[in-house]
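First up is the structure itself, then whatever we jot down about it.
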Amino acid sequence: LLLLTAALGATAAARCPAPCVCDNLRAHVLCLNGSLMAIPDTIPELTKKLDLRGNSFMVIPAGAFLATPYLTHLDLQRCKVERLEEGAFRGLGRLVYLNLASNSIALLYQESLDGLFSLQQLILEGNRIEEIQPGAFGHLGSLTVLDLRANALVYLPDMVFQGLQVLRWLRLSHNALHVLGSEAFAALPALRRLSLDHNELQALPGEALTRLDGATRLDLGHNPITYVAEEALAMASLKHLFLDHASLQDVAPDAFARSPQLRVLDLRENQLQGLPPLAGAGGLARVSLDGNPLLCSCLLRPFHKWLARARVQAEGACAAPPALRGRSLDSLKPLEMRCGRLRPPPSPITPPEQPRAAGSRQCPWGCVCSPDFHHGSCENRDLREIPRDFPGDTRLLDLRRNPFRTVPPDAFTGLKELVSLHLQSCSIRALHPGALRGLESLVYLYLTDNHLSTLEAAAFEGAPQLAYLDLDHNAFTHVPAGAFQLLPNLISLHLQHNAIRELAKGDLAGARGLRWLYLAGNAIRHIAPAALAPTKMLEKLQLEGNHLSEVPTAALWGLPALSELRLSRNPIKHMGDSVFLPVASSLQHLYLDNMGLERISPHAFTGLGPKIRSLYLESNKMSNIPDMSNFTGLEILNLQDVPFHCDCKLLLLHRWINKLNLRVGATCGSPAEARGLKVKLSTTFLTCPGWGRGEAGETNPNKTKAASKPSKKKRSGKSPARGFSKSRA
C-alpha cells in the first residue's frame, strides 16, 4: 500500500501543470491569478481541492472536469466566466463546494449544474445573473447554502428552486427583485433563512412567503415597502423579521397575526410616526424602532400600553413633540403623551393588487406549454411568423432560433402576465411600432444575435415595466437615440458586440433608472461629455474592447453611484492627472488591464482611496505606477505581465507590496539581473539609499548584514520614488 501511494504521488507530481502548485499529501492543486485560458487537462486525477481563482476561462465547456472525478472543492472566483455550458460539471459527483463568485455569468440554464448531486454549497455572488430558468437547480438535492447575492435578478418564476429539498439558507440580497411568483419558494421544505434585503420589493410578498413553513429568519430590509397589510405574513416558524431601512409608513394591527412564533421585529430607519398595538403577535419580545420619526402624542398611548402589558422591549426615541424629543419609549409615562392640535393621521396605504392568472390552457401547434411553470416554448421550430394563442397566464415565452425576420405590431396580444420573452437568433431586422403592445408585465426582453440596426421608441409602447433589454450581437452602428423614452424602469441595457462608433448626447435620453450599461466589444472612439447625463443612477459601466484612446473623464461627471468601470482592452497609452476624479467617491472596481498602457501620471489616481476594492492593471507596458498607499480597502490587485524597472525608484512599491496580504503577481522586467524575479523578492533594492529603513520585520533570505545597516548618507526630504509616499512605507 505504501509503495502504491508513493507511486501515485510520484505520478501526480509529474503531471502537475504549470503554473500550478500541487500538494500531493493533501491532494490540493493551486493555479492562482495566472493566465490560464482553459481548464488544465493534466491536473492529477486524485486531486480533491482545486483552486483556479483569478484566471481567464470565459466559458466552462461540457465535461471540463471529467479528468478529476475525486474533486470535493472547486474554486473558480474571478475567472471572467461568462457561460456555463450544459454538462460543464458532469462527472463531479463528489463535489461538495463550488465557488463561482465574481464572474460574468448572466443566465443559468436547466442543465448548467447537472451532475452535482453531492454539492452542499454553491456560491454565485457577484455575477450578472438576470434570469434563472426553472430546473436549473433540479439536480442539487444535497445543497444546503445557495448564494445569489449581488446579481441582476428582477423576477423569480414559480418553482425556480425546485429540487432543493435540504436547502437551509437562500441568499438573494443586493439584486433588483420586484416580481416574485406566488410559487417561487415552493418545494423548499428545509429552508430556515431567506435573505431578500437590498432589493426593489414594493410590497411584502406574502403569498410567496406562505410556502416557507420552516423558515425562522427573514431579511427584507432596504426594500421600498411602504405598508404591511392585515395578516400579510403567514410563516408558522418565523422568529426574526428584519424590515429595517425600508419606506414603511404604516403597519396594520394584525399584520403578523399568522406568524405566532415571531420574537424579534426590526423596523429601524423607516418613516413610522407610530404603531398600533400588534395584538396578533403574541410571542413578540423586542421591537426596534430607532431612526423613525416617532410622534409621542396621545395617538401613541395604545401602542405604549400594549408594550407594557405584553412585556415587549421597544427600542426607539421620540422625534416630536419638542418637549419629548430624544426621550426613549421605555422612559415615557402615559400622561406625558398629550394631544394638542394634530393633523389627522394619513390614510393607510393600500398595497398594490397582484394580477390574477387567466388560467387558459391553449397552446399553439408545434409548441410546448407548461401549466406548472407557466412557460411556453417554440424553440428552433423553423417558424416564419410569431405564433399566437398561448395561455393567458404564460410568464416565460421562449421563441429562440426561429427565422421571424420582423416582429409586427400587436404580436403578443393576450399575454398580460408575460415576464420574460426570448427572441435570440431569430434573424430579426425590424421591431415595428407597437410590437410589444399589451405586455404590461414584461421585465426581460432578449434580442441577442439578430440583425437590428435601428430602434424606435414606439416599439416599446405598452411595455412600461421592461427592466432588462439585451441587444448584444446586433448591427447597431450607433445607440438608437431616444429609443428608451418609454422605458422608465429600464435597469440593464446590453449593447455589446455591435459596431457602435460613439456615444452621443441624447442617445440615452429617458433611461433615468439605468444601473448597468454594457458596451463592450464595439468600436467606440468618443463619448460626448453629456452622453451619460440622463443615467444618474448608473452603477456599472463596461467599455472594454473599444477604441478609446483616453479615459472619458468629462463623461463621468454626474454619476455619483458608479462603482464599477471597465476600460480593459482599449488603446489607452497614457493616463493623465485626476482622470477618475468625477467618480472617486463611489468607484470600487477599476479594470485597466490589457491596454498597452505605457505611462500613468503620478496623480492619475487623485481622489481614489479606501473605497477601491479591486484594481486590474495586468498586461500593460508601464515600468512604474503612482501612489496607491491609501488604497487600504484593496481585496484584489493584479500587476501581472507589467515590465517593472526594479531600481531604487521602485523601492517603496517593493516595500508596499511586501506589506500587502495579496497575491499581486508583480515581476521585474529590467534590469537584466532582475528580469523575471518577483518585485517583492528582487535583490536589486539592497543597494538603494534608505534600504535599511522600513525593512524591519521583513523576511528576506538574501539580505546581508551589511546591507541591513542604515545608510550614513544625508537623506533629502524627498522620497526616492515618485509614486509611493515615505510615510506609508
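The values are calculated or read from the model by the stated rules, or taken from the named source; none is laboratory data. The structure displayed is predicted, hence computed values, not measured ones. Every residue, glycine as well, gets a Cβ built from its backbone with ideal geometry; the counts of neighbours run over all protein chains shown. Note: accessible area is taken over every heavy atom of the protein model, side chains too, but ligands, DNA and RNA are not part of it. Shrake-Rupley method; radii C 1.70, N 1.55, O 1.52, S 1.80 Å.
Miscellaneous remarks
- With a cut-off of 9 Å between beta carbons, the residues surrounding D197 carry a summed charge of -2, where Lys and Arg count +1 and Asp and Glu -1.
- Distance histogram in 10 Å bins (all Cα pairs of the chain, percent per bin): 3, 12, 19, 22, 20, 14, 8, 2, 0, 0
- A prolate overall shape is assigned to the range 223-337, the ratio a/c of its alpha-carbon gyration tensor axes (a ≥ b ≥ c) being 1.5 or greater and a/b exceeding b/c.
- The range 78-148 - percent relative contact order, Cα under 8 Å, separation 6 or more: 34
- Rounded to the nearest whole Hz, the Karplus-based 3J(HN,Hα) values (6.51 cos²θ - 1.76 cosθ + 1.60, θ = phi - 60°) of the range 545-559 follow the sequence x, 10, 10, 5, 9, 8, 5, x, 4, 4, 7, 8, 5, x, 10, with x at glycine and proline.
- Mean sequence separation of contacting Cα pairs (under 8 Å, at least six apart), scaled by the length of the range 223-337, corresponds to a relative contact order of 20 percent.
- For T210, the shell of other residues with beta-carbons less than 14 Å away shows a net charge of -3, using +1 for Lys and Arg and -1 for Asp and Glu.
- The mean of 1/r over all distinct Cα pairs in the range 18-191, once inverted, gives the Kirkwood hydrodynamic radius of 16.2 Å.
- Surface composition of the range 18-191: carbon and sulfur atoms hold 51% of the protein heavy-atom accessible area at a 1.4 Å probe.
- A simple spin-label model places pseudo-atoms 7 Å from Cα toward Cβ; at S586 and L681 they are separated by 4.3 nm.
- Magnitude of the charge dipole, the range 18-191, Cβ model with Lys/Arg +1 and Asp/Glu -1, debye to 20: 500
- Most to least packed among 168-174, 277-283 [average Cβ atoms within 10 Å]: 168-174, 277-283
- Annotation: K611 carries an accessible surface of approximately 120 Å², with a 1.4 Å probe and no ligand, DNA or RNA atoms counted.
- Linear extension gain, A38 paired with Y70, 0.36 nm per residue minus alpha-carbon span: 9.6 nm
- Cysteines having no other Cys beta carbon under 4.7 Å from their own, within the chain: C79, C426
- Between V368 and A323, the FRET efficiency estimated from the beta carbon spacing at R0 = 51 angstrom works out to 0.15.
- Area accessible to solvent at M159, 1.4 Å probe radius, in Å²: 40
- Cα-projected label distance for D382 with E86, points at 7 Å along beta-carbon direction, nm: 2.0
- Hz values of 3J(HN,Hα) by residue in the range 632-640 - Karplus curve (6.51, -1.76, 1.60), Gly and Pro given as x: 7, x, 4, 10, 9, 9, 10, 10, 5
- Think of a 1.4 Å ball rolled over the protein heavy atoms: the range 357-429 then has 46 Å² of accessible area per residue.
- Square roots of 5 times each gyration tensor eigenvalue, C-alpha, the range 23-91, largest first, Å: 18, 15, 9
- Each Lys or Arg adds one and each Asp or Glu takes one away; over the other residues whose Cβ falls under 13 Å from the Cβ of T144, this sums to +3.
- Of P371, A187, S492, farthest towards positive along the dipole that unit charges on Lys, Arg, Asp, Glu beta carbons give the chain: S492
- Estimated from the Cβ-Cβ distance and a Förster radius of 45 angstrom, the FRET efficiency linking S453 and E207 is about 0.55.
- Each Lys and Arg Cβ is given +1 and each Asp and Glu Cβ -1; about its Cα centre, the chain then shows a dipole of about 3540 debye.
- Modelled this way, with points 7 Å down the Cα-to-C-beta line, the labels at A190 and S601 are 5.8 nm from one another.
- Probe 1.4 Å, all protein chains present, accessible-area order of S195, S35, largest first: S35, S195
- Straight-distance candidates among the aspartates and glutamates for linking to K611, with alpha-carbon spacing under 12 Å and chain neighbours fewer than 8 residues away dropped: E564, E635.
- Distance from the alpha carbon centroid of the range 582-635 to that of the range 371-408 works out to 47 angstrom.
- Looking at the chain alone, DSSP beta bridges between its own residues are antiparallel in about 10 percent of cases.
- For the set K48/K621; K80/K505; K621/K678; K80/K239, the pairs lying more than 28 angstrom apart at their alpha carbons are K48/K621; K80/K505; K80/K239.
- Top positive-direction residue, dipole computed over the chain with Cβ charges, set H139, L46, T394: L46
- Projecting the Cα positions of H28, G676, L284 onto the charge dipole of the chain (unit charges on Cβ atoms of Lys, Arg, Asp and Glu, taken about the Cα centre) puts G676 furthest along the positive direction.
- Added length on full extension, which subtracts the Cα-Cα distance from 0.36 nm per residue, A62 to C339: 92.6 nm
- If the segment from N630 to D254 were pulled out straight at 0.36 nm per residue, it would be longer than the present Cα-Cα gap by 130.2 nm.
- When the trypsin sites (Lys or Arg not before Pro) in the range 508-594 are filtered for DSSP coil states and for at most 16 other beta-carbon atoms within 10 Å of their beta-carbon, the remaining sites are R512, R525, K536, K573.
- The residues of the range 214-338 expose on average 43 square angstrom of accessible surface per residue, using a 1.4 Å probe on protein heavy atoms.
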